[in-house]
Amino acid sequence: MGKIITVAHQKGGVGKSTLAMNLAVCFQDQLNVALVDTDLQGSLTQIKEELPDLSVISKDELQDIKHLDYDLIIVDTPPYLSNKLPELFGLSDFILIPTKAGFFDVMAIRSTIALLKDAQVKKPDIRAGIVMNMIKPRSGITKEVSGLLESMKTPVLHTMIYDRVRIARSSITAGVLQGNDSKAITEITALAEEIVNRISA
Ligand SMILES: Nc1ncnc2c1ncn2[C@@H]1O[C@H](COP(=O)(O)OP(=O)(O)O)[C@@H](O)[C@H]1O
Ligand SMILES: [Mg+2]
C-alpha cells in the first residue's frame with residue numbers, strides 16, 4: 001500500500017482542499033498520485049476536469065481507500081469532525097493540519113489534534129504537522145499564538161504558506177506549479193519536501 005497523507009481540520013476555509021490539490025500536483029511528476037475527496041460537498045471532485053493528469057477520486061468508503069493502488073494518496077476531508085476521521089487517521093502516514101495564524105483559528109484545531117493523539121495511541125508512527133496557511137505579509141506569528149501552538153505538542157512545519165492571489169486562484173488554474181508565481185511555487189514545493197522528510201524521518 002502507498003503512503004497516505006490526510007489533510008484535516010474541522011473548520012472550513014483554512015485551505016485543506018487547496019493544499020491537498022497543490023500537493024498532489026507537486027508529487028505527480030515523480031509518483032503515481034491519487035487525490036481522494038472525502039468531502040461530500042466535493043470541492044475537489046468539482047474541479048476534476050482542471051486536473052486531467054491526476055486521479056481525483058470521490059470516496060466516502062474507507063475500505064476503498066485502503067485498496068487503492070497508488071504510490072501516494074492525498075485525502076481531503078470535510079469541514080467538520082466526521083465520524084470517519086478516526087479510522088482515516090488510523091490509515092494515514094501523515095496528517096497535515098492547516099490553520100490561519102489567528103489565536104481563535106489555532107484554538108479551533110484542538111479537537112483535530114485530540115483525534116490525532118487518539119490515533120497515535122493505537123499507531124504511534126503516524127506523523128503530523130500543523131501548517132500555517134494564508135499568512136499575511138509582514139505579520140508574523142504573535143507570542144500568544146506561538147505559546148498556544150507549543151501547548152499542542154504537535155510539530156509546526158517550518159514551511160509557511162502566505163496569502164497569495166495565485167494560491168487562491170489555484171483551484172481554477174490546476175495548481176500553483178503550472179503558474180509563474182515563483183514564491184507560491186517555492187512554498188508549495190517546500191511543503192511537499194518537508195512532509196516527505198518527516199514521513200521518512
Ligand atoms: N495560501 C492561500 N492564499 C490565498 N488564498 C488561499 C490560500 N489557501 C487557501 N486559500 C483560499 O481560501 C479559501 C478556502 O480554501 P479551501 O482550500 O477551500 O479551504 P477548506 O478546504 O479548508 O475549506 C479558498 O477560496 C482558497 O482559494
Ligand atoms: Mg475543502
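The values are calculated or read from the model by the stated rules, or taken from the named source; none is laboratory data. Just so it is clear, the model here is predicted, and its values are computed rather than measured. In this analysis, Cβ positions are derived from the backbone assuming ideal geometry, glycine residues included, and neighbour counts consider all displayed protein chains.
Within the stretch 1-24, track down each residue that is more than 10 Å from ligand 1 (Cβ to nearest atom) and either in a strand (DSSP E or B) or at pLDDT 95 or above (or both).
3, 4, 5, 6, 23, 24
Every residue, every condition in (1) touching a His at 6+ places or on another chain (Cβ under 6 Å); (2) within 16 Å of ligand 2 (Cβ to nearest atom); (3) at pLDDT below 95, yes or no:
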site: 122; (1), (2), (3): no, no, no
site: 129; (1), (2), (3): no, no, no
site: 138; (1), (2), (3): no, no, yes
site: 150; (1), (2), (3): no, no, yes
site: 153; (1), (2), (3): no, no, yes
site: 163; (1), (2), (3): no, no, no
site: 167; (1), (2), (3): no, yes, no
site: 184; (1), (2), (3): no, no, no
site: 187; (1), (2), (3): no, no, no
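State all residues of the stretch 150-168 that are touching an Asp or Glu at 6+ places or on another chain (Cβ under 9 Å) and closer than 21 Å to residue 112 by Cβ; if no residue qualifies, say none. If you could, list the steps in order and put the result at the bottom.
Keep residues of the stretch 150-168 that are touching an Asp or Glu at 6+ places or on another chain (Cβ under 9 Å), which gives 156-162, 164-167.
Across the stretch 150-168, the qualifying residues are 156, 157, 158, 159, 160, 161.
Which one of 56, 75 is within 13 Å of the chain's Cα centre (by Cα) and not in a loop (DSSP other than H, G, I, E, B)?
On the way: 56 fails: within 13 Å of the chain's Cα centre (by Cα).
From the options 56, 75, the qualifying one is 75.
Kindly indicate whether residue 56 is crowded, with 20+ Cβ neighbours inside 10 Å and free of Cβ contacts under 8 Å to residues at least 40 places away in the same chain. Yes, satisfied. Might you check whether a residue that is surrounded by 18 or more Cβ atoms within 10 Å (Cβ to Cβ) and more than 14 Å from ligand 2 (Cβ to nearest atom) occurs anywhere in the stretch 33-40? Checking the stretch 33-40: at least one residue is surrounded by 18 or more Cβ atoms within 10 Å (Cβ to Cβ) and more than 14 Å from ligand 2 (Cβ to nearest atom). For residue 63, the conditions (1) assigned to a helix (DSSP H, G or I); (2) within 16 Å of ligand 1 (Cβ to nearest atom) all hold with the exception of (2). Of the helices (runs of 4 or more DSSP H) lying entirely inside the stretch 86-198, those containing at least 1 residues that are in contact (Cβ under 8 Å) with a residue 24 or more places away in the chain and within 16 Å of ligand 1 (Cβ to nearest atom) are 103-107, 110-122, 165-168. For residue 142, state whether it is away from ligand 2 (no atom under 16 Å from the Cβ) and crowded, with 17+ Cβ neighbours inside 10 Å. Judged against the criteria, residue 142 is not a match.
Cβ-Cβ contacts under 6 Å between residues 6 or more apart (or on different chains), taken from a first residue in the stretch 70-81 that is under 15 Å from residue 98 (Cα atoms) and modelled with pLDDT of 95 or more to a second residue that is more than 11 Å from ligand 2 (Cβ to nearest atom) and of a type in the set (S, T, N, Q), are listed as 75/6.
I'm trying to understand the selection: among the residues of the stretch 37-51, which are part of a loop (DSSP other than H, G, I, E, B) and either at pLDDT 85 or above or of a type in the set (A, V, I, L, M, F, W, C) (or both)? Walk me through it before giving the result.
Kept after step one, since they are part of a loop (DSSP other than H, G, I, E, B), are these residues of the stretch 37-51: 38-42, 47, 51.
Within the stretch 37-51, 38, 39, 40, 47, 51 qualify.
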